[in-house]
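In what follows, a single structure is set out as structure tokens and then discussed.
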Amino acid sequence: MYQLIKPVLFTLDPELIHDLTLNILSKIGSLLKRSSVNDEAELACEIAGINFPNRIGLAAGMDKACLAPLAWQGLGFGFIEIGTVTNVAQAGNEKPRLFRIKEKNSLLNCLGFNNLGAEKVAEKLKLLRENSQFKIPIGINIGKSRIIDPRNPEEVIKDYLASLELLENYADYIAINVSSPNTPGLREWESPNQLKKLLEPIIQKTIKPVFLKISPDMEDENLYQVLEISENLKIKGLVATNTTTERQNTPLWANSQMGGISGELLKARSLRITKLIGKNKSKNLALISVGGISSLEDIKIRLDSGADLIQIYTALVYEGPFLINKINENLLDKTKIAKTDL
């Protein structure tokens, strides 16, 4: 069904369709009955002390303000990550700022952390936590407010902590975003000294599991340093990865457009980072793999490479909203076949 209407949808502005879809899902979420497949014990797991009904989550960026949580649950996700949320509400970059790279099943976005701000999002999350229908874990992804000078460490740390204070009570885990390419100076906070300065007070401040979302574009040496810091500070996990600023194999028009790329064009870079982390991390550090994942085979490769959990976003745009239930059904079938072989 989705493949029939996709050509019509793709004639319209991507951000307009995104917002319209969220609006519709927010209204029909309670009507979407979760497939019994997604509550099968064989699909469940415990990661970082959190119980997940299955390993497939919604990546941050799709539903920044948690507008349609019941819909994502109904569509089969085992968890959702909302945001990125900043302490100060902000409009983001000028439009147009979301583009389809249709021939590569990818997206280019330069949204710039457009969001309602931590206080407003906290109000929505408070209502959600009072809704007994919502039963899956929720991660909250927080980032730096644009008005905060990235060269002022004290103000940056204070900004993250303000968001944390407002949101942590509603989170199953907190994801720290220092890797978006669409906020000037943000990726500088992935450098070892800056990263340690930021993470230490966050770890001290909260009892919630803390995850770090990293860039696909960092050099190996930097990645190993990030791993060492993560292990030493005992953060619970890494989210690998954010979007890429690389323009290899992109159409000419995209080469001059600022922003980060997700989807198929991100797959190789994201997988490379996943493999490096999987090979070098301790068993105490969880790994969420995200970027270019759109099939059961993609998921199997990520899990075999050391990922504990998976996140999906861009594949929903190209494959449609029922992708997750389909993948979970196939995962369950493979699990049952494996048990029979034993």
Every residue from the stretch 27-71 that is of a type in the set (S, T, N, Q) and either touching a helix residue (DSSP H, G or I) at 6+ places or on another chain (Cβ under 8 Å) or farther than 20 Å from Ile140 by Cα (or both): Ser30, Ser35, Ser36, Asn38, Asn54
The stretch 14-29, subset surrounded by fewer than 14 Cβ atoms within 10 Å (Cβ to Cβ) and in contact (Cβ under 8 Å) with a residue 24 or more places away in the chain, residue farthest from Lys326 (Cα to Cα): Asn23
Residue list for the stretch 277-293, restricted to those being at negative phi and in a loop (DSSP other than H, G, I, E, B): Lys281, Ser282, Lys283, Asn284, Leu285, Ile293
Which numbered condition Leu233 misses (of (1) in contact (Cβ under 8 Å) with a residue 40 or more places away in the chain; (2) over 19 Å from the mean Cα position of the chain (by Cα); (3) closer than 30 Å to Glu46 by Cα): (1)
Top-ranked residue in the stretch 200-218 [being over 16 Å from Trp189 (Cβ atoms) and free of Cβ contacts under 8 Å to residues at least 40 places away in the same chain; ranked as surrounded by the most Cβ atoms within 10 Å (Cβ to Cβ)]: Gln204
Residue satisfying condition, being within 23 Å of Ala171 (Cα to Cα), more than 18 Å from the chain's Cα centre (by Cα) and in contact (Cβ under 8 Å) with a residue 24 or more places away in the chain, within set Asn249, Asn242, Asn284: Asn284
Residue list for the stretch 296-315, restricted to those being touching a strand residue (DSSP E or B) at 6+ places or on another chain (Cβ under 8 Å) and either of a type in the set (Lys, Arg) or part of a helix (DSSP H, G or I) (or both): Ile299, Arg302, Leu303, Thr314, Ala315
Pairs, first surrounded by 13 or more Cβ atoms within 10 Å (Cβ to Cβ) in the stretch 87-98, second basic (Lys, Arg) and in a loop (DSSP other than H, G, I, E, B), C-beta under 8 Å, six or more apart: Val88/Arg146; Gln90/Arg146
Filter result (in contact (Cβ under 8 Å) with a residue 24 or more places away in the chain and either surrounded by fewer than 19 Cβ atoms within 10 Å (Cβ to Cβ) or part of a strand (DSSP E or B) (or both)) within the stretch 115-126: Asn115, Leu116, Gly117, Glu119, Lys120, Lys124, Lys126
Matching option when the condition is out of contact with any Leu (no Cβ under 6 Å at 6 or more places or on another chain) and under 19 Å from Val317 (Cβ atoms), among Glu15, Glu81: Glu81
Total residues in the stretch 59-86, condition part of a loop (DSSP other than H, G, I, E, B), in contact with a strand residue (DSSP E or B) (Cβ under 8 Å, 6 or more places away or on another chain) and of a type outside the set (Val, Ile, Thr): 10
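Values in this text are rule-based calculations from the coordinates and carry no lab data. Model, not experiment: these values are computed from the prediction. A quick note on method: Cβ atoms are made from the backbone with ideal geometry, for glycine too, and the neighbour counts reach across all protein chains shown.
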